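Q: Would you mind keeping the following structure in view while I ask a few things?
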Amino acid sequence: MMDRSCPGTVEPILEILDGKWMLLLLFELFNGNRRFGELRRKLQPISPKTLTDRLRLLEEKGIVTRTIYPGVPLHVEYDLTESGKALQPIFEAMWTWTQEHGAHLRNKTIESDQEAERVK
């Protein structure tokens with residue numbers, strides 16, 4: 001049984017995970033530190049502005065660190081903090097749930113799409 005205060009309690013994590021690209025961005029960072037360009041290539045077609053905004057939010061929330069390496073050319077790397085790494089069990093739980101229930105949902109989506117096509 002979940003605590004009735006749960007929606008208010010989980011609000012901080014929902015702020016982090018909500019929004020397009022956040023889950024994919026965090027998933028990439030679980031595989032180690034990444035440069036901005038690497039993240040952009042992996043998350044195609046994300047815009048540079050959107051990627052910058054998402055990374056800044058994660059940095060503000062203490063999920064990601066940003067390290068600037070001086071030199072020519074200057075480069076920046078992003079890495080998960082301990083708090084960010086602690087999100088990994090959530091992703092593992094989502095993966096497990098998808099393995100158990102995802103096929104059913106995919107089939108429902110396909111059926112809905114087929115029904116919409118027949119109605120046209």
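Q: Where Lys and Arg each count +1 and Asp and Glu each count -1, what net charge lies around Leu24 among other residues with Cβ under 15 Å from its Cβ?
A: Here the charged neighbours net out to +2.
Q: Could you tell me the accessible area of Met22 in Å² (1.4 Å probe, neighbours in place), rounded to the nearest ten?
A: Here the residue's solvent-accessible area equals roughly 0 Å².
Q: Sticking with this structure for a sec: Heavy atoms of the protein only, probe of 1.4 Å, neighbouring chains included. What is the accessible area of Asp53 in Å², nearest 10?
A: In the full protein context, Asp53 sits at about 60 Å².
The values are calculated or read from the model by the stated rules, or taken from the named source; none is laboratory data. Everything quoted here is computed from the prediction, not taken from an experiment. Neighbour counts run over all protein chains shown; Cβ positions are idealised from the backbone, glycine included. Protein only, heavy atoms only, side chains kept; ligands, DNA and RNA dropped before computing areas. Shrake-Rupley method; radii C 1.70, N 1.55, O 1.52, S 1.80 Å.
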